[in-house]
Structures are given as structure tokens and as C-alpha cells.
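**Q** Next up is a structure, given as C-alpha cells.
The values are calculated or read from the model by the stated rules, or taken from the named source; none is laboratory data. Keep in mind that this is a model prediction, so the values were computed, not measured. Note that we place each Cβ from the backbone using ideal geometry, even for glycine, and neighbour counts take in every protein chain shown.
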Amino acid sequence: MATSQLWVSDFSASQRLLLAWPYRRDVWRKNAEPARKALLRLITQLPENTPFSLVVSSELRGNLPSSLKPVHCIEIDYDDIWLRDIAPLWQATEAGLKALSFSFDGWGGVQQVIAKDQYFSQNLCSQLKRPVYQSTLIAEGGAFTHNGDGCWLIGLGCLKRRNPGLTDKELKWALGQLLPEQCLYFFDGSLQADETGGHIDNLALFVESDTLLYAATDNKTHPDYETCQSLQEKVNELPAFIKKVPLPLPFPQLATDEERLGIESTQLSLERTVQLPLLCSYVNVLQTTELVIVPQFGLATDSQALQAVCKALPERQVIAFDVREFILGGGGLHCISHNLPSTRPNLSLA
């Protein structure tokens, strides 16, 4: 499915992994200390040869723990650590690397303190001296997954919520203009506990040009059973050469009273109570060209999901990681990470 329009996938070579330092007290409990400890544990599990940078705002740089001092930092202001949703999509061209950035509204108003996040893409590209096209469409990076060879799966449900003034047809046409020569598949559905209202990276994610992970359940009592049945139908529409790897979808979980202590209450952000369901999706992995980190939730299905990913990706290093602290804040490993390509990615432009 080679095209002259090549977009850089998560698993493309010659990329640097990006993560950001947590600090928001209305999202992360106890002054974000547990979230910071979780991020530090994640960083220490990265193989030594993993190119990695920490995104940190200038006012936080001086407060990083001594264990992080050797880490390469990129100083850019941001509101929260969900880099997947505020950083751009990357396109490789004969002239070099270009970026596509979408307008950002805080996931449809889930968060309203977003002024820094709204300009993150432009500031990142300015610092890196890379051209960026700013689209007027409202979207987040978690709504897209592609195989780097022209096949895309897009979360239509959340995009419709962000752009209510556009019909389905108009929205698909607009995305077709932004992603020319690509084969676009749209899924209009959402998992019950998904605060984003339908990010595809909780439902399905390409991990190789010919391999897709997707969420599945055959339990009719599961609140997302019907959504998973519809997702299975959409996945079946993808080209036959793509291996479709089902991963179990756990029931939504709940936070404990202890896990909700020490969160600042504000009218500008989602109230994180013990009643707010936690989304547990094994699909939401962190990945590089050599590595896949699979989320673990302390559930019986953890080992099943891990083994399925290991079997599907025998050439990649697969690591298990407890993501409880991150899902308490509303996201997963794919959500908190992004991939920064080299200026001229080593991709064949047919």
C-alpha cells in the first residue's frame, strides 16, 4: 500500500521517545508525587539504548530529582502530560519532516486550563525548526493510528463530538484533505470509561505495518460488549495482510478512597471521585521500533494480554508495567508518550 505521502508511525526507526513530568494538582493526587514516582519507574525500565527526552517546563526544570539530572530535557510549557494528544502527527517528505497539528479544546471540555497545551505543537516545532501545518479541526493524536504505509484507523466518535458543526461526510472529507493518498477507516464508537469519548488508541493500535492490536470481549455482560462487536466488524474490514491481534478488555475499575485523596477540586477540570470509572485497555501501549511496554492493572487478564503481545511481536522487547497511577489521571502509556523523528527519517519515499 506504498504511497508518496508517508507518515511516521510510532514504531518507525530513528525516533526519540518523549515523556513529560507530571505536576497538575487537580489531576494528580498528593501534589503529583505518586505519578512522578510511577514515571521514574517507567524511565528506569527503558533499555539503555532507548533515545529519550523529558519534556519539562522552565519553572519545573530546577525541581527535578537528582536521578533525572543526566536525562536530556526539552523545555516547553504544557498543562498536562498527555503528549500524544497535544503533539503533532509527523510526515516524512523528500524535503524533510513536516508536522500536522490540530486545534485542541481539552477533550471537549474535560479540562479547561489548556492554554499551554493549545500551543504545544507550534512551540515544539519552533524549537526544533520544523515546519508545522495548523488545522482548524479539533482533534487529538489519540484519535489516530496508522501503519506507516497508508492504512489509518480513526476514532470518528470523538472527532464528531469535537466538531459538532460538521456532518460525518464533511468531517471525513476534511480528514481526507489533510491525509491525502491514505486509506482511512473510521470507527464511530467509544468505551464506557473513556474520558475522551472515543480515542482509537484505547480500542485499536498499529504496532507494526502488518500488525494491529485491538480490544475484544465475548462477555455479553460487559458494558462495552456491543462496542467491541462493532469494533471487530471494523477491524475485519482492514486489508487481509494485517494481522489482527485481540487483547482482553477488562471491566472498568474504580479508584479507592486513598487513591482520590489530595486532589485539588476545581470547576475547570473533571472531578476525580471514587465513582469515576477507570479505563483499563491493554491496547494503550508505549512503543518504539525495538520496544513495546504493555500496561498491567493487577488483574487476572494481565498475563494473557502480555503473552498475546509477546507472541505477536517476537522481534520486539516486550515489558510489563503497572499503569494504575496513570489511569487514575485518565490515560495510559500511549497517551503519556510521543515519538520524535529525526529531521530526515530513513523512510523509502515511493
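**Q** Take the residues in the stretch 239-288 that are part of a loop (DSSP other than H, G, I, E, B) and within 16 Å of the chain's Cα centre (by Cα); name whichever of them is nearest to Asp149 (Cα to Cα).
**A** Out of the qualifying residues, it is Thr288.
**Q** Of all strands (runs of 3 or more DSSP E) completely enclosed by the stretch 25-98, which ones contain at least 1 residues that are under 20 Å from Ile293 (Cα atoms)?
**A** Filter on the stretch 25-98 gives 52-56.
**Q** Another question about this same structure. Which count do you get for residues in the stretch 293-305 that are over 19 Å from Ile81 (Cβ atoms) and buried (at least 23 other Cβ atoms within 10 Å of the Cβ)?
**A** Total meeting the criteria: 2.
**Q** I would also like to ask the following. Under 6 Å between Cβ atoms, which residue pairs at least 6 apart in sequence (or on different chains) link something in the stretch 306-325 that is surrounded by fewer than 18 Cβ atoms within 10 Å (Cβ to Cβ) with a partner that is assigned to a strand (DSSP E or B) and not hydrophobic (A, V, I, L, M, F, W, C)?
**A** Close Cβ pairs (under 6 Å, with a partner that is assigned to a strand (DSSP E or B) and not hydrophobic (A, V, I, L, M, F, W, C)) amount to Ala320/Gln296; Asp322/Gln296.
**Q** So which residues in the stretch 167-188 are without any contact (Cβ under 8 Å) to a residue 12 or more places away in the chain and either of a type outside the set (S, T, N, Q) or assigned to a helix (DSSP H, G or I) (or both), if there are any at all?
**A** Lys169, Glu170, Trp173, Gly176, Gln177 - these are the residues of the stretch 167-188 that are without any contact (Cβ under 8 Å) to a residue 12 or more places away in the chain and either of a type outside the set (S, T, N, Q) or assigned to a helix (DSSP H, G or I) (or both).
**Q** Scan the stretch 148-161 residue by residue and report those that are in contact with a Gly (Cβ under 6 Å, 6 or more places away or on another chain) and farther than 24 Å from Ala92 by Cβ.
**A** Gly157, Cys158, Arg161
**Q** Within the stretch 101-116, which residues are touching a strand residue (DSSP E or B) at 6+ places or on another chain (Cβ under 8 Å) and under 11 Å from Asp80 (Cα atoms)?
**A** Across the stretch 101-116, the qualifying residues are Gln111, Val113.
**Q** Right, another one. Mind checking which pairs have a first residue in the stretch 330-350 that is more than 29 Å from Ala320 (Cα to Cα) and at pLDDT 95 or above and a second that is surrounded by fewer than 24 Cβ atoms within 10 Å (Cβ to Cβ) and of a type in the set (Ser, Thr, Tyr), Cβ under 6 Å, 6 or more apart or different chains?
**A** Sorted first by the residue in the stretch 330-350, then by its partner, the list stays empty.
**Q** Looking only at the stretch 189-230, which residues are farther than 16 Å from Cys335 by Cβ, out of contact with any Asp or Glu (no Cβ under 9 Å at 6 or more places or on another chain), hydrophobic (A, V, I, L, M, F, W, C) and assigned to a helix (DSSP H, G or I)?
**A** none
**Q** Now a separate question. Can you tell me which residue is surrounded by the most Cβ atoms within 10 Å (Cβ to Cβ) among those in the stretch 196-210 that are of a type in the set (Val, Ile, Thr) and touching a Leu at 6+ places or on another chain (Cβ under 7 Å)?
**A** Ile200
**Q** Additional query: Check Leu68, Leu46, Leu54, Leu83 and return the single one that is of a type in the set (A, V, I, L, M), over 30 Å from Glu271 (Cβ atoms) and at pLDDT 95 or above.
**A** Going through Leu68, Leu46, Leu54, Leu83 in turn, just one is of a type in the set (A, V, I, L, M), over 30 Å from Glu271 (Cβ atoms) and at pLDDT 95 or above: Leu46.
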